[in-house]
1. Per DSSP helix of 4 or more residues, -39500 (n - 2.57); summed, then divided by the residues of the chain. What does that give at 222 nm, rounded to the nearest 500?
2. Which residue, 177, 191, 101, has the most motion in a Gaussian network model of the chain that connects Cα atoms within less than 10 Å?
3. So if we plug the beta-carbon distance of residue 188 and residue 158 into 1/(1 + (r/R0)^6) with R0 = 25 Å, what FRET efficiency do we get, rounded to 0.05?
4. Suppose the Debye formula is applied to equal point scatterers at every Cα of the chain; what is log10 I(q)/I(0) at q = 0.17 Å⁻¹?
5. Just grab the label-to-label distance for residue 117 and residue 23, each label 7 Å out from Cα along the Cβ direction, in nm (one decimal).
6. Could you give the radius of gyration (one decimal) and Dmax (whole number) of the Cα atoms in the stretch 143-192, in Å?
7. Tell me, in nm to one decimal, what length is gained between residue 54 and residue 173 on full extension, where the rule is 0.36 nm per residue of separation less the Cα-Cα distance?
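Throughout, read-outs are computed from the coordinates displayed, never taken from laboratory work. Everything numeric in this text was worked out from a predicted model, so none of it was measured. Cβ placement follows ideal geometry from the backbone for every residue including glycine, while neighbour counts extend to all protein chains displayed.
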């Protein structure tokens, strides 16, 4: 019987969100990689099309780092917010399209809601340059909504599958529910994430 493999590519959220999944999987996450870097370099970290059969499912999860610190930094340099986000997502999507040649089932995971900075600092101490936040909670929530809106639109245009399980994890102000987090920027409670993912995956 042919085994269909799920290949995961992404940053540390790819590892954290999928580590308890119960299907054949190869998780090629690489912590700290940004959506910007994938688009700029036209390269998906750890990606080799020879690893896949045409029936395998490819899943990509990037963008948290971009929304947490890099978008606001570009705004501070004088660039327009919507131009930054448009260029970020379109370059990322084009890089995926340039590298994915034979797989028809491609899943793009939405960007996780941003953590409240005050809650992060309450548990982890004052933010340093090694783990930067840029912009207010409201700013980062807005960046995330805009990035996810474009990911959804591009997915529809390209025939990719857009996966957004995060309404369950999001407060009315757009930030991550602290009780479901790892007290940093990741999910701790991945139960609903995996339940919704398996609903989608089982229907492919």
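1. On the way: 7 runs with 81 residues, N = 204.
Here the helix-only value at 222 nm equals -12000 deg cm²/dmol.
2. Comparing 177, 191, 101 in the GNM, the peak value goes to 101.
3. On the way: r = 32 Å, r/R0 = 1.28.
After rounding to 0.05, the efficiency reads 0.20.
4. Evaluating at q = 0.17 Å⁻¹ gives log10 I(q)/I(0) of -1.20.
5. The modelled label-to-label distance comes out at 3.8 nm.
6. Values for the stretch 143-192 (Cα only, Rg and Dmax): 12.6, 36 Å.
7. Details: separation 119, 0.36 × 119 = 42.84 nm, distance 4.09 nm.
Difference between extended and current length: 38.7 nm.
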